[in-house]
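Data first, discussion second: the structure below is written as structure tokens.
Bear in mind that the values in this text are calculations on the coordinates, not laboratory data. A quick note: this is a predicted structure, and the numbers were derived from the prediction, not measured. When we count neighbours, we look across all protein chains shown, and the Cβ atoms used for this are built from the backbone with ideal geometry, even at glycine.
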Amino acid sequence: MDEYVFGANILENLTTGMYQDSKVSYREYIQNACDQIDKAVELGILESISEGQIEIWLNQDTRTISIEDNATGIKQSDFEKTLANIADSSKVLGTDKGFRGIGRLCGLAYCRELVFTTTALNENIKSVMHCDACKMRELLSRNVSGEKFTAGEVLKEIYRFEYINDNSIKDEHWFKVELIGINEENEDLLNFDEVKKYLSFTAPVAYQNTFPYRTEIYKHAKQIKYRIDEYSIRLNGEDVFKKYTTKFSTSKGDDEIFGVEFKDFYDENGNLIMWLWFGMSRFKAIISKESEMRGVRLRKENIQIGNEDALQKLFKEDRGQHYYIGELFAVSKDLIPNSQRDYFNENPMRVWFETELRRYFREALTKVYYDASTANNSYKKIDDYNKKAAEHKEKTNNHEYVDEQHMSNAEQGLKQAAKDAKKAQDTIEKMKQSSPTEAGLLINRVIERIENVRAKETGVAAKGKTVIIEPPVSKPKSKMPLRTDKLSRCNKQERKLISKIFSIILNSTDEDTAEKIIKSIEEEFK
């Protein structure tokens with residue numbers, strides 16, 4: 001054969017078959033824009049990446065999306081060669097964020113027409129490329145039905161170029177992609193709230209200024225000589241930021257980040273391969289799905305790789321990922337995002353990456369949330385005892401026990417609660433004395449936080465042992481004050497009968513329900 005043929009089906013693989021989530025198209029076009037902003041800085045067109053602007057506009061009325069940047073633009077002489085050819089990018093692996101030259105096609109799967117418009121500095125030409133997405137889908141359908149086309153034949157049919165003279169744009173430099181006529185089944189692409197939520201954790205933007213730990217994150221990045229690439233991205237005129245906050249919900253109540261921790265990973269030659277920040281909390285339970293920021297997010301050049309669960313498989317158990325909030329920045333040039341950007345290509349560096357992360361996740365992070373769960377449960381047992389002891393004292397003073405058996409049962413339960421609380425306190429003290437491993441130091445921060453919160457909520461000393469006092473066991477008395485003594489309208493015999501009724505009620509249902517019934521009866525006979 002003189003020439004090998006790329007069938008039309010390759011175009012389906014690069015468009016409709018490439019991504020599971022249509023919103024990924026935003027990531028692809030933003031990634032291209034960021035690369036061009038970097039190039040504009042390198043060429044002196046922009047002074048810094050902070051001057052770069054990426055504007056995204058959603059128009060539900062016309063069902064159109066436009067994404068525009070003020071970077072280099074593309075010269076007329078390079079326009080067709082740059083955009084028409086597929087997988088022939090001049091970008092450099094390890095330098096540019098994208099490098100395969102296939103991402104620009106992704107929009108064809110979601111609209112009627114894809115249009116690229118650009119102008120370069122010192123040119124008065126506006127270059128336009130129209131891509132007929134409907135025609136492409138028609139040809140692909142005919143191709144599947146037996147009327148065979150090559151990829152090149154399809155592209156020639158769907159491409160149309162035009163060049164517009166405009167002397168007013170000589171000092172301009174920009175590039176715009178438009179998705180015109182968004183498909184009905186891709187309505188989510190026009191949903192402002194959903195798109196902004198997606199961009200808030202996927203795009204390479206700054207942390208919102210209400211996130212108090214952003215300063216610590218920037219400071220750490222500077223210390224390890226890593227630049228977090230952050231670009232100005234606006235959606236319908238609103239700035240997009242990473243939406244990290246300190247508060248979140250769990251299955252066992254609200255929790256919050258009270259600090260951040262860092263972990264840097266270097267190879268044997270001292271090269272930084274990756275680094276991680278994660279939020280410290282009480283780790284009460286798994287973070288609720290409703291929390292958009294849950295999970296340790298994987299990032300390369302500050303663009304999210306995959307979704308929030310890209311690193312889930314490296315934890316000892318799947319739920320481990322959902323105890324944490326944080327970001328892992330992949331630094332090594334040998335950690336190469338795959339074509340779908342949902343993970344890395346398989347190579348020796350990826351093996352090293354997974355080995356080191358799996359070890360740290362299992363030896364440190366898994367132990368932290370396990371021990372934090374034990375600590376939280378231990379403090380709960382102590383608080384439960386203190387609550388029961390206070391209730392017992394109040395009931396004794398107010399003559400609220402129905403009979404001696406009622407009091408005896410309460411005292412036995414209180415004794416068991418005291419034993420459990422003492423054991424729980426011993427467990428906490430043992431944790432405090434644990435060896436100074438990474439996990440040990442982290443869990444001590446969690447314990448200190450729990451004690452500080454309890455000091456505010458309950459008045460219990462934040463430091464030092466919580467005193468556990470064995471409750472005194474009341475000795476039987478010849479005339480024990482009973483709850484029915486307060487029923488002044490009843491004679492001795494009636495009170496004795498009502499006392500037995502109270503006892504039956506207590507033995508027939510739970511304590512809260514029994515208390516409601518008994519109080520209702522008391523109201524009738526007072």
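Tabulated values for the structure
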item: For the stretch 238-344, the Rg and Dmax computed from alpha carbons only, in angstrom; result: 14.6, 45
item: Rounded FRET efficiency, nearest 0.05, which uses the C-beta distance separating LYS395 from ILE521 and R0 of 22 Å; result: 0.80
item: Extension reserve of the GLN76-SER408 stretch, reckoned as 0.36 nm per residue once the Cα distance is removed; result: 110.2 nm
item: Approximate shape of the stretch 482-526 as ellipsoid semi-axes (Cα gyration tensor, √5λ), whole Å, largest first; result: 18, 11, 7
item: Out-of-range pairs (alpha-carbon distance over 32 Å; input LYS393/LYS500; LYS196/LYS222; LYS423/LYS500; LYS381/LYS486; LYS380/LYS486); result: LYS423/LYS500; LYS381/LYS486; LYS380/LYS486
item: Amide H within-cut-off set for TYR244, under 5 Å, with H built and near neighbours excluded; result: GLN208
item: Under 16 Å from LYS197, Cα to Cα: lysines that are on another chain or at least 8 residues apart; result: LYS23, LYS242, LYS243, LYS289
item: Separation between Cα centres of the stretch 169-210 and the stretch 302-369, rounded to whole Å; result: 26 Å
item: Label zone at ASP188 (point 7 Å along Cα-to-Cβ), backbone N below 17 Å, the stretch 319-346; result: 341-342
item: Computed log₁₀ I(q)/I(0) - Debye formula, equal Cα scatterers, no solvent, the chain, q 0.10 Å⁻¹; result: -0.88
